[in-house]
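Peer 1: Structure in structure tokens, see below.
The values are calculated or read from the model by the stated rules, or taken from the named source; none is laboratory data. The model shown is predicted, which means the values in this text are computed figures rather than measured ones. For neighbour counting, all protein chains shown are included, and Cβ atoms are generated from backbone atoms with ideal geometry for every residue, glycine included. For accessibility, only protein heavy atoms count, side chains too; no ligands or nucleic acids. Shrake-Rupley method; radii C 1.70, N 1.55, O 1.52, S 1.80 Å.
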Amino acid sequence: MVRQKLRIRTRAVAAVSVVSALGLVVGCGSGGSGGTGGGKKDGKVTITMGLFGVMGFKETGLLDKYMKEHPDVVIKADVAGDEQTYYTALQTHLAAGSGLKDIQGIEIGRAKELSDTQKDNFVDLAGVAGTDHFLPWKQSQVTTTDKKVIGLGTDIGPMAVCYRKDLFEQAGLPTDREEVAKLWEGDWTKYVDAGVEFKQKSKGDKVAFMDSSSGLFNAMIYGHSQQFYDKRGELIYASNPVVKDAWKLASKAATSGLTAKLRQFQPGWDPGLANSTFATTVCPAWMLAHISEKAGPANKGKWDVAKAPQGANWGGSFLGVMEKSPVKKEAQELVAWLTSPEQQAYLFKKIGNFPSSKTALAMPDVVDAKSDYFSGAPIGQIFGAAAKEIPDEQVLGRKDGTIKDIFSQGLSLIESQNKSPDDAWKTTDQRIKKAAG
């Protein structure tokens with residue numbers, strides 16, 4: 001059995017590094033007018049990359065490994081700590097037609113917008129050799145209406161529930177991960193019911209059952225094919241029963257004293273992990289690295305992972321190659337290598353980024369993976385099973401990332417400002433219409 005040590009923070013929405021963020025903006029400008037920063041000189045090929053968070057390529061030494069295997073290639077990667085900062089800079093450079101890298105990372109929440117509005121700026125990767133190993137729904141997220149593929153998949157975000165065994169024991173709830181999963185088997189409502197029981201049996205009010213209502217909201221909506229948009233690209237959030245049910249249950253949790261009134265990856269959440277102020281959090285695979293780092297060694301062995309009520313996907317990214325790159329062929333070869341089954345399995349082993357390659361999902365390094373930090377939880381099996389429950393079709397919209405953030409802010413109005421769910425919905429609806437309507 002392979003035992004994992006998840007020690008590097010997740011790439012998705014890791015803590016903002018002002019230095020890194022500024023580095024991206026400055027670095028992106030190095031491409032000059034119309035260029036990408038890469039090129040060929042003196043027998044050497046230079047490939048530039050724009051990345052965000054901890055996508056793992058640079059942090060785990062994969063880029064160094066590629067350069068060692070390809071001594072004529074030099075890779076220069078700029079990494080922004082915050083995806084929002086990264087994307088703002090990317091939009092600026094796309095609009096200006098300059099300052100881009102040869103390879104640009106694409107977060108799932110931006111995939112549809114870039115596919116719809118910027119496809120001419122990306123190379124079509126549909127015909128790249130050796131890239132037929134991805135989960136079908138993964139590549140469809142970056143495929144345009146005329147079948148152009150603007151990126152190759154890196155990771156996905158199958159979800160589970162991370163929980164504190166010691167706090168469950170103090171509340172008289174089961175601690176075994178399979179028994180815990182049965183508490184909410186098949187129904188997110190049961191997860192909230194378990195929270196009510198936890199609250200009733202806990203001594204004092206210092207520990208909440210869950211970190212945030214928005215985490216619950218995300219987990220519920222991403223278990224379905226359509227969330228904010230339909231297949232035609234029309235906004236349906238206001239009438240979609242999936243969204244309405246998730247809002248209703250998340251609001252119930254928020255108004256029942258079950259949450260710690262935190263927003264994941266926002267100020268206060270990391271201290272909550274370290275100081276044990278909540279007992280559960282809905283966790284995509286990539287979040288385990290962040291939890292283990294922020295909760296720290298003092299909480300090792302206290303956390304465990306249980307199956308979620310319903311399989312869902314939260315997060316995941318892609319790598320695209322820019323049309324203006326003077327080294328398109330070499331950049332495509334690098335992207336294909338970085339997203340190959342072998343490298344995806346390696347990244348999961350190193351930092352927990354769950355593969356989007358169906359070939360990688362069957363590899364021993366993934367199937368047999370366990371987490372020392374999370375009480376030896378068989379994370380390869382738990383998240384692998386969750387991945388199989390993700391709907392085959394994942395409909396994305398142009399402003400998915402923006403709308404998701406607005407919904408999180410809306411639920412925060414209930415938790416932190418005591419707004420009624422109806423009033424918070426009205427505010428959320430107005431904000432979405434202004435941002436995406």
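Peer 1: List the residue pairs whose Cβ atoms are under 7 Å apart, where the first residue sits in region 338-365 and is at negative phi, the second is among the acidic types (D, E) and surrounded by 20 or more Cβ atoms within 10 Å (Cβ to Cβ), and the two are 6 or more positions apart or on different chains.
Peer 2: So the pair list comes out as N353/D155; F354/D155; P355/D155; S356/D155.
Peer 1: Scanning for something open to solvent by less than 60 Å² (accessible area, probe 1.4 Å), without any contact (Cβ under 8 Å) to a residue 40 or more places away in the chain and either within 20 Å of G315 (Cα to Cα) or of a type in the set (D, E, K, R) (or both), does region 132-141 turn up at least one residue?
Peer 2: yes
Peer 1: Any idea which residue in region 172-182 is nearest to L216 (Cα to Cα), counting only those that are free of Cβ contacts under 8 Å to residues at least 60 places away in the same chain and part of a helix (DSSP H, G or I)?
Peer 2: Among them, the one singled out is K182.
Peer 1: Okay, moving on. Determine, yes or no, whether P378 is open to solvent by less than 30 Å² (accessible area, probe 1.4 Å) and without any contact (Cβ under 8 Å) to a residue 12 or more places away in the chain. Step through it out loud before you land on a result.
Peer 2: Values: open to solvent by less than 30 Å² (accessible area, probe 1.4 Å): yes; without any contact (Cβ under 8 Å) to a residue 12 or more places away in the chain: yes.
Considered against the rule, which asks whether it is open to solvent by less than 30 Å² (accessible area, probe 1.4 Å) and without any contact (Cβ under 8 Å) to a residue 12 or more places away in the chain, P378 comes out as yes.
Peer 1: Moving on. Going by the conditions given, is D155 within 30 Å of A298 (Cβ to Cβ) and not small (G, A, S)?
Peer 2: Taking the combined requirement at face value, the residue satisfies it.
Peer 1: If I ask for residues that are in contact (Cβ under 8 Å) with a residue 12 or more places away in the chain and open to solvent by 50 Å² or more (accessible area, probe 1.4 Å), which ones from region 272-297 would you list? Break it down stepwise before answering.
Peer 2: First pass over region 272-297, keeping only residues in contact (Cβ under 8 Å) with a residue 12 or more places away in the chain: 272-274, 276-296.
Correct list: E293, K294.
Peer 1: Go through region 40-89 and give me each residue that's open to solvent by 10 Å² or more (accessible area, probe 1.4 Å), modelled with pLDDT of 95 or more and within 18 Å of the chain's Cα centre (by Cα).
Peer 2: Within region 40-89, none qualify.
Peer 1: Another question, then. Of the residues A238, A219, A250, A246, which single one is loosely packed, with under 14 Cβ neighbours inside 10 Å, in contact (Cβ under 8 Å) with a residue 12 or more places away in the chain and within 30 Å of A111 (Cα to Cα)? I'd like the intermediate steps shown before the answer.
Peer 2: On the way: A219 fails: loosely packed, with under 14 Cβ neighbours inside 10 Å; A250 fails: loosely packed, with under 14 Cβ neighbours inside 10 Å; A246 fails: loosely packed, with under 14 Cβ neighbours inside 10 Å.
After applying the criteria, what remains is A238.
Peer 1: Would you mind telling me which numbered condition in (1) surrounded by fewer than 24 Cβ atoms within 10 Å (Cβ to Cβ); (2) touching a strand residue (DSSP E or B) at 6+ places or on another chain (Cβ under 6 Å) Y346 fails?
Peer 2: Condition not satisfied by Y346: (2).
Peer 1: Sticking with this structure for a sec: Anything in region 280-311 that is small (G, A, S) and part of a helix (DSSP H, G or I)? List them, or say none.
Peer 2: From region 280-311, those small (G, A, S) are 285, 289, 292, 295-296, 298, 301, 306, 308, 311; that's our starting set.
Once the filter is applied, which keeps residues that are small (G, A, S) and part of a helix (DSSP H, G or I), region 280-311 yields A289, S292, A295, A298.
Peer 1: Tell me the residue from T36, T46, T85, T60 that is in contact with a Leu (Cβ under 8 Å, 6 or more places away or on another chain), within 17 Å of V327 (Cβ to Cβ) and of a type outside the set (G, A, S), please. Show your work before the answer.
Peer 2: Numbers: T46 fails: in contact with a Leu (Cβ under 8 Å, 6 or more places away or on another chain); T85 fails: within 17 Å of V327 (Cβ to Cβ); T60 fails: within 17 Å of V327 (Cβ to Cβ).
From the options T36, T46, T85, T60, the qualifying one is T36.
Peer 1: Another question, if that's okay. Yes or no: region 152-166 includes at least one residue that is open to solvent by 10 Å² or more (accessible area, probe 1.4 Å) and touching a helix residue (DSSP H, G or I) at 6+ places or on another chain (Cβ under 6 Å). It would help to see each step written out before you state the result.
Peer 2: If we filter region 152-166 for residues that are open to solvent by 10 Å² or more (accessible area, probe 1.4 Å), which is where we start, we get 154, 165-166.
Retained after the next criterion (residues that are touching a helix residue (DSSP H, G or I) at 6+ places or on another chain (Cβ under 6 Å)): none.
Among the residues of region 152-166, not one is open to solvent by 10 Å² or more (accessible area, probe 1.4 Å) and touching a helix residue (DSSP H, G or I) at 6+ places or on another chain (Cβ under 6 Å), which makes the answer no.
Peer 1: Please state which one of A96, A129 is open to solvent by 10 Å² or more (accessible area, probe 1.4 Å), at pLDDT below 90 and among the aliphatic types (A, V, I, L, M). Explain how you work it out, then say what you get.
Peer 2: Values: A96 fails: at pLDDT below 90.
None of the others qualify; the one that does is A129.
Peer 1: Restricting the search to region 184-194, which residues are surrounded by 20 or more Cβ atoms within 10 Å (Cβ to Cβ) and part of a helix (DSSP H, G or I)? Full working, then the answer.
Peer 2: In the first step, residues of region 184-194 are kept if they are surrounded by 20 or more Cβ atoms within 10 Å (Cβ to Cβ); the result is 184, 188, 191-192, 194.
Of everything in region 184-194, those that are surrounded by 20 or more Cβ atoms within 10 Å (Cβ to Cβ) and part of a helix (DSSP H, G or I) turn out to be W188, Y191, V192, A194.
Peer 1: Which one of these is at pLDDT 95 or above, touching a helix residue (DSSP H, G or I) at 6+ places or on another chain (Cβ under 9 Å), over 22 Å from F383 (Cα atoms) and assigned to a helix (DSSP H, G or I): E169, E197?
Peer 2: Values: E169 fails: touching a helix residue (DSSP H, G or I) at 6+ places or on another chain (Cβ under 9 Å).
Unique residue meeting the criteria: E197.
Peer 1: Let me ask something else. I'm trying to understand the selection: among the residues of region 125-164, which are closer than 23 Å to D400 by Cα and assigned to a loop (DSSP other than H, G, I, E, B)?
Peer 2: If we filter region 125-164 for residues that are closer than 23 Å to D400 by Cα, which is where we start, we get 134-160.
Passing the criteria: L135, Q141, V142, T144, T145, D146, K147, K148, I150, G151.
Peer 1: Looking only at region 415-432, how many residues end up being in a helix (DSSP H, G or I), without any contact (Cβ under 8 Å) to a residue 12 or more places away in the chain and either among the aromatic types (F, W, Y) or surrounded by 12 or more Cβ atoms within 10 Å (Cβ to Cβ) (or both)? Give the steps one after another, and end with the answer.
Peer 2: To start, the set of residues in region 415-432 that are in a helix (DSSP H, G or I) comprises 415-417, 421-432.
Next, from what is left, pick out any that are without any contact (Cβ under 8 Å) to a residue 12 or more places away in the chain: 417, 422-423, 426, 430.
The next check asks that each one be either among the aromatic types (F, W, Y) or surrounded by 12 or more Cβ atoms within 10 Å (Cβ to Cβ) (or both); those that pass are 423, 426, 430.
Number satisfying all stated conditions: 3.
Peer 1: Somewhere in region 317-333, is a residue under 23 Å from F407 (Cα atoms) and not acidic (D, E)?
Peer 2: Of the residues in region 317-333, the ones under 23 Å from F407 (Cα atoms) are 317.
Right, trim to not acidic (D, E) and you get 317.
Yes, some residue in region 317-333 is under 23 Å from F407 (Cα atoms) and not acidic (D, E).
Peer 1: State all residues of region 195-210 that are in contact with a Leu (Cβ under 9 Å, 6 or more places away or on another chain) and open to solvent by 40 Å² or more (accessible area, probe 1.4 Å); if no residue qualifies, say none. If you could, list the steps in order and put the result at the bottom.
Peer 2: Keep residues of region 195-210 that are in contact with a Leu (Cβ under 9 Å, 6 or more places away or on another chain), which gives 195-199, 201-202, 207-210.
V196, E197, K199, K201, V207 - these are the residues of region 195-210 that are in contact with a Leu (Cβ under 9 Å, 6 or more places away or on another chain) and open to solvent by 40 Å² or more (accessible area, probe 1.4 Å).
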